[in-house]
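I have placed the structure first, in the form of C-alpha cells, so that the comments after it can refer back to it.
The values are calculated or read from the model by the stated rules, or taken from the named source; none is laboratory data. Small disclaimer: the values here were computed from a predicted structure and weren't measured. In this analysis, Cβ positions are derived from the backbone assuming ideal geometry, glycine residues included, and neighbour counts consider all displayed protein chains. These accessible areas exclude ligands, DNA and RNA; they are computed on the full protein's heavy atoms, side chains included. Shrake-Rupley method; radii C 1.70, N 1.55, O 1.52, S 1.80 Å.
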Amino acid sequence: MVRNAPGLPFLLSEGLTVHFVPPVTDVPRNGIIEEIQEGAGGDYIVRFNTVKDKTAAGKLLGCHVLMSREDLDAIQAALADQSFIGYDVVDEEMGLLGTVEALEQMPAQFLLSVKPADDGPSFYIPFVEEFILEVNVDDKVINVDIPVGLLEL
C-alpha cells in the first residue's frame, strides 16, 4: 500500500523507477513500478519489480517511495504541455462548469483556472486525482467530481 504525502498529488506511474527511503537491510533500495491499483481511502496498491514477497513488503512498511527530480520534472512538463486550455469542465452532479482558461503550476499541484459558463468570475479546481475523473482529449472535456462548496471558496 502506498499513500501520497498530505497535500501533494499522487504522481507514481507504471514503469517509473523509485527509491525506498530510508534504506532497509535485506530489501532492495529501489524498484520499478509494475502495477498500480487504486485502493480505499486514498491508498494505492503498488507492485514493484524488486519486492517479491510479503516479508520484503513488510520490511518496507513506513518507508517513503521517492522518484528522481528529473522524473518529476518530466511529469510536470508533460502536464504543462497538455495545458487543456479550451477544454470544457463538466461536474458529474452540477453539469457544465465552464471552460479551462489556464493550467497554473503551484508548489504542490496544478490548478485549472476555469471561466464559468455563466460569465461569472473565474475559479480554480485542483488538478488532482481525487477531483479529476477523466480527461477526454478527443472531445476536449475534463470530467470532474468536486466537493460541495469548493466553488464558494
Tell me whether the range 48-61 contains one or more residues that are modelled with pLDDT of 95 or more, within 21 Å of the chain's Cα centre (by Cα) and surrounded by 13 or more Cβ atoms within 10 Å (Cβ to Cβ). yes
Within the range 120-153, the residues that are in contact with a Ser or Thr (Cβ under 7 Å, 6 or more places away or on another chain) and not in a loop (DSSP other than H, G, I, E, B) are TYR124
Look at the range 25-47 and say how many of its residues are open to solvent by less than 70 Å² (accessible area, probe 1.4 Å), at pLDDT below 90 and among the aliphatic types (A, V, I, L, M). 1
With criteria (1) open to solvent by less than 30 Å² (accessible area, probe 1.4 Å); (2) in contact (Cβ under 8 Å) with a residue 40 or more places away in the chain; (3) not hydroxyl-bearing (Ser, Thr, Tyr), VAL114 comes up short on (2)
Which one of MET94, MET67, MET106 is of a type in the set (A, V, I, L, M) and at pLDDT below 80? MET106
The range 4-23, residues that are open to solvent by 40 Å² or more (accessible area, probe 1.4 Å) and either over 13 Å from the mean Cα position of the chain (by Cα) or over 13 Å from VAL65 (Cβ atoms) (or both): PRO6, GLY7, GLU14, GLY15, THR17, HIS19, VAL21, PRO22, PRO23
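For the range 92-108, what are the residues that are in a strand (DSSP E or B) and either over 19 Å from the mean Cα position of the chain (by Cα) or surrounded by 18 or more Cβ atoms within 10 Å (Cβ to Cβ) (or both)?
First, pick out the residues of the range 92-108 that are in a strand (DSSP E or B): 95-105.
Within the range 92-108, GLY95, LEU96, LEU97, GLY98, THR99, VAL100, GLU101, LEU103 qualify.
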